[in-house]
1. Looking at (1) part of a loop (DSSP other than H, G, I, E, B); (2) buried (at least 18 other Cβ atoms within 10 Å of the Cβ), find the lone condition where V221 falls short.
2. Can you pull out the residues in segment 113-129 that are within 19 Å of N75 (Cβ to Cβ) and either touching a His at 6+ places or on another chain (Cβ under 6 Å) or not basic (K, R) (or both)?
3. Please verify whether V234 is among the β-branched types (V, I, T), buried (at least 22 other Cβ atoms within 10 Å of the Cβ) and not in a helix (DSSP H, G or I), treating the condition exactly as stated.
4. Taking the condition of a type in the set (D, E, K, R), modelled with pLDDT under 95 and farther than 21 Å from E218 by Cβ, does D168 pass?
5. Being of a type in the set (S, T, Y), out of contact with any Lys or Arg (no Cβ under 7 Å at 6 or more places or on another chain) and part of a strand (DSSP E or B) is the filter; apply it to segment 123-154 and report the residue that is surrounded by the most Cβ atoms within 10 Å (Cβ to Cβ).
6. Of everything in segment 176-215, what is surrounded by 13 or more Cβ atoms within 10 Å (Cβ to Cβ) and assigned to a loop (DSSP other than H, G, I, E, B)? Give them in sequence order.
7. Residue under question is G79, and the condition is that it be over 21 Å from P129 (Cβ atoms) and either surrounded by 15 or more Cβ atoms within 10 Å (Cβ to Cβ) or over 19 Å from the mean Cα position of the chain (by Cα) (or both); does it hold?
8. When the residues of segment 104-122 are filtered to those that are in a strand (DSSP E or B) and among the polar types (S, T, N, Q), which remaining residue is nearest to the chain's Cα centre (by Cα)?
Amino acid sequence: MASNNSVKKTLTVAFALCIVCSVVVASAAVALRPIQQKNQEQDRMSNLLQVAELYKPGQDILALYDKLITARVVNLNTGEYAEDKNPETFDQFEAAKDPAQSRTLSGAQDLAGIGRRENYATVYLVGDPQNPDKIILPVRGQGLWSLMSGYLALKGDGNTVVGLSFYDQGETPGLGGEVDNPDWKALWDGKKIYPENGMDPAIRLVKGGVGPQTPDAEYKVDALSGATLTSKGVTNLLQFWLSDAGFAEYLARFRATTQGA
């Protein structure tokens, strides 16, 4: 009688077990993908609603988003809406990886440390799309340890900050990770981006605290304590995305349209 402990039988059983496990894992991944995508989409909507101060716990995220927010794709080179781009399917992060849909940034240009900048980006209008109450811009840039990705919400004047929030970052907990601290995020409300009649962003993080007597306090936010490089990263990414390399042209057009409405 052949031994059941032969090497051949052991390998056969191990191989069969691997095949079964692979099929189970692959099937689970395929089955769960729609759920994961739905959760990711709800998370995106939740972040947009929160940064614009529109969401309260317990509300229906999808219904609130559909009611209040309109997505539009913007040509960053011209500042105009790209009517041929569908905001529901356009992925600006994938576009940034494609040389045909993006451009390489030189060292002097690349304040945010992102390497390439997509030609088109998705913005979010709150309220009436023709005369929005608020506007939300996607921003990203390098911190100390990670690429920080988030949203900047502005009032309908295109210049006053409502909120800044990062939905993806890997900075040091208790230091740079304080970009997620609600107390620090509350400091952004009411800050200004551009000086009067200016196109160069003035908003920045500064050490030493910002008080009513601080010169140009409306353009300054307290730096993160003990997190110099993360604070510098936040300043740099805002300076980049609010400059001519980012949304400056779009925001200039936006302000001209809304102020003339």
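The values are calculated or read from the model by the stated rules, or taken from the named source; none is laboratory data. Small disclaimer: the values here were computed from a predicted structure and weren't measured. Cβ: placed from backbone, ideal geometry, glycine included. Neighbour counts: every protein chain shown.
1. (1) is the only condition that V221 fails.
2. Taking segment 113-129 and keeping what is within 19 Å of N75 (Cβ to Cβ), we get 114, 116-125, 129.
If the condition is that a residue be within 19 Å of N75 (Cβ to Cβ) and either touching a His at 6+ places or on another chain (Cβ under 6 Å) or not basic (K, R) (or both), then I114, E118, N119, Y120, A121, T122, V123, Y124, L125, P129 are the ones that fit.
3. Numbers: among the β-branched types (V, I, T): yes; buried (at least 22 other Cβ atoms within 10 Å of the Cβ): yes; not in a helix (DSSP H, G or I): no.
In short, no.
4. Working: of a type in the set (D, E, K, R): yes; modelled with pLDDT under 95: yes; farther than 21 Å from E218 by Cβ: yes.
Yes; evaluated as a whole, the condition is true for this residue.
5. From segment 123-154, those of a type in the set (S, T, Y) are 124, 146, 149, 151; that's our starting set.
Applying the additional criterion that residues be out of contact with any Lys or Arg (no Cβ under 7 Å at 6 or more places or on another chain) yields 124, 146, 151.
So of that shortlist, the ones also part of a strand (DSSP E or B) come out as 124, 151.
Values: Y124: 24, Y151: 22.
Among residues in segment 123-154 that are of a type in the set (S, T, Y), out of contact with any Lys or Arg (no Cβ under 7 Å at 6 or more places or on another chain) and part of a strand (DSSP E or B), the one surrounded by the most Cβ atoms within 10 Å (Cβ to Cβ) is Y124.
6. The initial filter retains those residues of segment 176-215 that are surrounded by 13 or more Cβ atoms within 10 Å (Cβ to Cβ), namely 176-180, 184-185, 187-189, 191-195, 199, 201-206, 210, 214.
Result: D189, K191, I193, Y194, P195, M199, P201, A202, I203, V210, T214.
7. On the way: over 21 Å from P129 (Cβ atoms): no; either surrounded by 15 or more Cβ atoms within 10 Å (Cβ to Cβ) or over 19 Å from the mean Cα position of the chain (by Cα) (or both): yes.
Taking the combined requirement at face value, the residue does not satisfy it.
8. Taking segment 104-122 and keeping what is in a strand (DSSP E or B), we get 104, 116-118, 120-122.
With among the polar types (S, T, N, Q) added as a condition, the list becomes 104, 122.
Details: T104: 20, T122: 10 Å.
Going through the qualifying residues, I end up with T122.
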